Amino acid sequence: MQQGHQTWVFNNRPVIASTAAVVGPFEGRGPLANDFDLIHGDSTLNQESWEKAEKVLFEDAAQLAIEQAGLLKEQIDFFIGGDLMNQIISTSYAARTLSIPYLGVFGACSTSMESLALAAYLVNTRGGKNVLAGTCSHNSTAEKQFRYPTEYGSQKPPYAQYTVTGAGAAVVSSKGKGPVITSATMGRVIDMGIKDPFNMGAAMAPAAVDTITAHFRDLRIGPEEYDMIVTGDLAQVGHGLARDLFEKHGIPIHKTDFQDCGMMIYDYNTQMVQAGGSGCACSAVVTYGHLMKRMNRGEIRKLLVVATGALMSPLAMQQGESIPAIAHAVSIHYDDETMKGG
């Protein structure tokens with residue numbers, strides 16, 4: 001099943017049986033609004049704290065994904081997920097509600113594809129028939145933990161990013177109707193010495209390029225293999241740097257549609273998001289909402305999603321540490337046989 005140094009090839013064809021994307025009101029005013037399953041009208045979700053609201057976001061996404069797979073909660077064998085909060089509390093408390101055997105993971109904003117890759121691995125090796133994968137983030141919880149509380153109203157530099165309020169979940173099954181997960185390339189930690197906690201795009205771009213390059217190398221393919229390659233949340237700064245790095249290394253990324261979820265989810269003309277979106281939910285809601293709907297309509301047949309994450313903590317930044325980054329890639333194919341339920 002392992003091919004090359006970093007890639008798993010899934011010969012048993014794990015199926016994405018369903019997905020769900022739940023967002024807050026600000027994301028609901030963006031260009032992808034029609035592709036989300038649920039848009040909340042208030043970012044507090046009638047909860048006492050932002051953290052409790054984030055938990056509810058994931059509970060909503062998980063329940064919707066399970067229902068849309070035509071399953072009961074009791075038919076889900078394992079749940080794999082994580083988030084940005086200390087001790088991944090949003091996902092862990094949602095797991096308490098779901099009461100499904102739980103594997104908590106932390107990959108910062110790469111968690112969406114880390115959890116999906118691990119779910120595919122379990123299903124491919126017969127470790128489970130139905131596995132739930134997902135993640136969540138909330139703008140106000142992330143601001144409070146990593147930067148300044150929202151109420152402080154601090155001014156941000158133009159290269160900063162806006163954390164997405166939302167949650168995304170997917171049910172990966174051994175059989176059924178849906179796109180097929182064909183492979184996953186697990187990333188290495190890359191640290192280019194960047195210490196500015198606002199400059200996430202620059203910190204994560206080298207990790208994205210490293211993982212995509214490893215994916216091409218391990219599978220002996222090129223960018224033209226995919227209709228679209230989409231990174232998680234590099235936003236404008238990181239996406240531009242990634243293009244420059246591909247050109248420097250002689251990789252013809254122009255042979256595919258190379259996009260970024262952080263640039264897709266908001267409208268730069270009407271929404272004040274600086275360089276673009278970020279957060280665990282960024283790649284999750286764009287992939288499990290917008291991109292999966294495009295695949296199900298047959299508009300994308302081969303998709304590579306490369307979720308990117310900055311593995312920092314407030315404590316490490318206070319100690320003068322630089323920002324280590326990682327990226328995980330999952331290859332998803334629109335398979336004619338599986339889309340018919342074969």
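The values are calculated or read from the model by the stated rules, or taken from the named source; none is laboratory data. What you are looking at is a predicted structure, and each value in this text was computed from that prediction instead of being measured. For neighbour counting, all protein chains shown are included, and Cβ atoms are generated from backbone atoms with ideal geometry for every residue, glycine included. Heavy atoms of the whole protein, side chains included, go into the accessibility calculation; ligands, DNA and RNA do not. Shrake-Rupley method; radii C 1.70, N 1.55, O 1.52, S 1.80 Å.
Quick test for you: out of Met292, Met263, Met272, pick the one residue that is of a type in the set (A, V, I, L, M, F, W, C) and touching a His at 6+ places or on another chain (Cβ under 7 Å).
Details: Met292 fails: touching a His at 6+ places or on another chain (Cβ under 7 Å); Met272 fails: touching a His at 6+ places or on another chain (Cβ under 7 Å).
Unique residue meeting the criteria: Met263.
For the structure I just gave you, tell me whether Ala108 is touching a His at 6+ places or on another chain (Cβ under 7 Å) and crowded, with 24+ Cβ neighbours inside 10 Å.
no
Would you check if there is a residue in the range 280-301 being part of a strand (DSSP E or B), at pLDDT 95 or above and on the phi < 0 side of the Ramachandran plot?
No, every residue in the range 280-301 fails to be part of a strand (DSSP E or B), at pLDDT 95 or above and on the phi < 0 side of the Ramachandran plot.
Mind counting the residues in the range 1-26 that are within 17 Å of Asp37 (Cβ to Cβ), touching a Phe, Trp or Tyr at 6+ places or on another chain (Cβ under 7 Å) and open to solvent by 10 Å² or more (accessible area, probe 1.4 Å)?
1
Pairs only if they're at least six apart or on different chains, beta carbon under 9 angstrom, first in the range 133-152 and under 19 Å from Asp60 (Cβ atoms), second open to solvent by 40 Å² or more (accessible area, probe 1.4 Å) and at pLDDT below 75; list them, first residue then second.
Qualifying pairs under 9 Å: Asn139/Thr150; Ser140/Pro149; Ser140/Thr150.
Which one is modelled with the lowest pLDDT, of the residues in the range 242-279 that are open to solvent by 20 Å² or more (accessible area, probe 1.4 Å) and among the hydrophobic types (A, V, I, L, M, F, W, C)?
Met272
Only one of Pro314, Pro324 is closer than 19 Å to Ile88 by Cβ and either at pLDDT below 95 or over 18 Å from the mean Cα position of the chain (by Cα) (or both); which?
Pro314
Taking the range 221-232, which residues are in contact with a strand residue (DSSP E or B) (Cβ under 9 Å, 6 or more places away or on another chain), under 21 Å from Gln6 (Cβ atoms) and of a type outside the set (A, V, I, L, M)?
Pro223, Glu225, Tyr226, Thr231, Gly232
Filtering the range 66-88 down to residues that are at pLDDT below 95 and part of a helix (DSSP H, G or I), which residue is most open to solvent (accessible area, probe 1.4 Å)?
The selected residue is Gln87.
Which of (1) surrounded by 18 or more Cβ atoms within 10 Å (Cβ to Cβ); (2) on the phi > 0 side of the Ramachandran plot; (3) small (Gly, Ala, Ser) is the odd one out, the single condition Gly193 does not satisfy?
(1)
Looking at the range 129-180, which of its residues are in contact with a strand residue (DSSP E or B) (Cβ under 6 Å, 6 or more places away or on another chain) and farther than 23 Å from Met263 by Cα?
Matches in the range 129-180: Asn130, Val131, Leu132, Ala133, Val171, Val172, Ser173, Gly176, Gly178, Pro179, Val180.
Would the range 236-255 turn up any residue that is at positive phi and in contact (Cβ under 8 Å) with a residue 60 or more places away in the chain?
no
In this structure, does Asn34 turn out to be part of a helix (DSSP H, G or I) and surrounded by fewer than 18 Cβ atoms within 10 Å (Cβ to Cβ)? Write out each step before concluding.
Values: part of a helix (DSSP H, G or I): yes; surrounded by fewer than 18 Cβ atoms within 10 Å (Cβ to Cβ): yes.
Criteria met by Asn34.
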